[in-house]
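All of the numbers you see were taken from the coordinates with simple rules; none came from a lab. Just so it is clear, the model here is predicted, and its values are computed rather than measured. We place every Cβ from the backbone using ideal geometry, glycine too, and count neighbours over all the protein chains shown.
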Amino acid sequence: MRFAKRRLTFAPFLDVTKLADWHAYTVGLNRLHGLQESRVQPQAVATPSASAAHIEGFPMLNAAAFHALPKASKSGDVRRMSDSSRSEDWVTWNLLNLSFISCPDTWWARFAAVVTGANPTVQFSPTTGAPLVQFWKTVPSPKEYEAASRARMRRSWDPAVAARSRDPRPVEGNSEIDLALESSSLLAYIEAKLDSDISMRTTYDPDRNQIARNIDCLLDSARERTPYFWMLVRDDSPSRAYTQLMRKYKEDPSILARDLPHRDPALLRKVANGLAIMTWRDIARDLCVPGAADDEHMRSIKRELWRRIQ
């Protein structure tokens, strides 16, 4: 009797207390294998304290510039930034803009010092000027990955997955890069996290984690520039999937090469050597200290930033 070969999928490195992350992972697997999605939503592990309670209408720095971005057309994201005390997009926008306002001539030197503090092997030339900063840059899936992914899907035991491989639409959607720093000499993609962990899979690829996916997109755009992938997080504890994965990639770049087999291993070693995890507190340092010239709008933003990044 013959049995169809099935590819084994192993559970990701996820903190057991992160029920929302596990729920998203399980729902993705159910969709991949054609199973009915559960209607049960994940529940919070603990009730937030009064200081972390939901507050309506959080203020923003440089709101006019934000509303000129493509991100502003995403009503769900905008609503979460305005209304949720757990929005990492709100932290990303306000803390970086606070840095630009408070340290217009030195923000990059401060930021670069945090990077080298997190990973001393990363060194920047003293003559390197401040890079251009782009928020929530949208990049398509690399063509090499699309081709390799379709070939893998065509071999799937699941007829639905095999059929999807013949659909001309991209098998992987665009990636939204929280922060892209670019100059003539470097390109850095930064993934920002507040409460959540990374995704360990995509709809049609159970082995495609969020870090490898972002690095793949980074290498597609870097060309002759030095590519860097960094993370900005509140929690860099060992229980986090991103902490484990970044450490594994840095210590053993062959693991990253295994996850990106269509990329040059020598280039992946270079990327792995420059990986860094920074905390929001590292970036904030003295930025959230109230100033004598601050109005109530600025004071309220500084207070909320400091509360969220602790």
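Among R223, R201, what is the fewest-to-most ranking by other Cβ atoms within 10 Å? Show your work: numbers first, answer last.
Working: R223 8, R201 19.
Going from least to most buried by this count: R223, R201.
Checking the cross-link pairs K74/K250; K250/K302; K143/K248; K248/K302; K137/K302; K71/K248 against a 30 Å limit on the alpha carbon distance flags K74/K250; K250/K302; K248/K302; K71/K248 as lying beyond it. Taking other residues whose beta carbon is less than 10 angstrom from the beta carbon of E144, and scoring Lys, Arg as +1 and Asp, Glu as -1, yields -1. Taking the fewest neighbouring Cβ atoms within 10 Å as the starting point, the ordered list for W157, W108 is W157, W108. Using the Cβ of P290 as centre and a radius below 9 Å, the other residues enclosed give a net charge of +2, where K and R count +1 and D and E count -1. Applying both filters, DSSP loop and at most 15 other Cβ atoms within 10 Å, to the GluC sites (Glu not before Pro) of region 151-239 gives E224. The modelled label-to-label distance between R155 and D167, using points 7 Å beyond Cα along the C-beta direction, is 2.2 nm.
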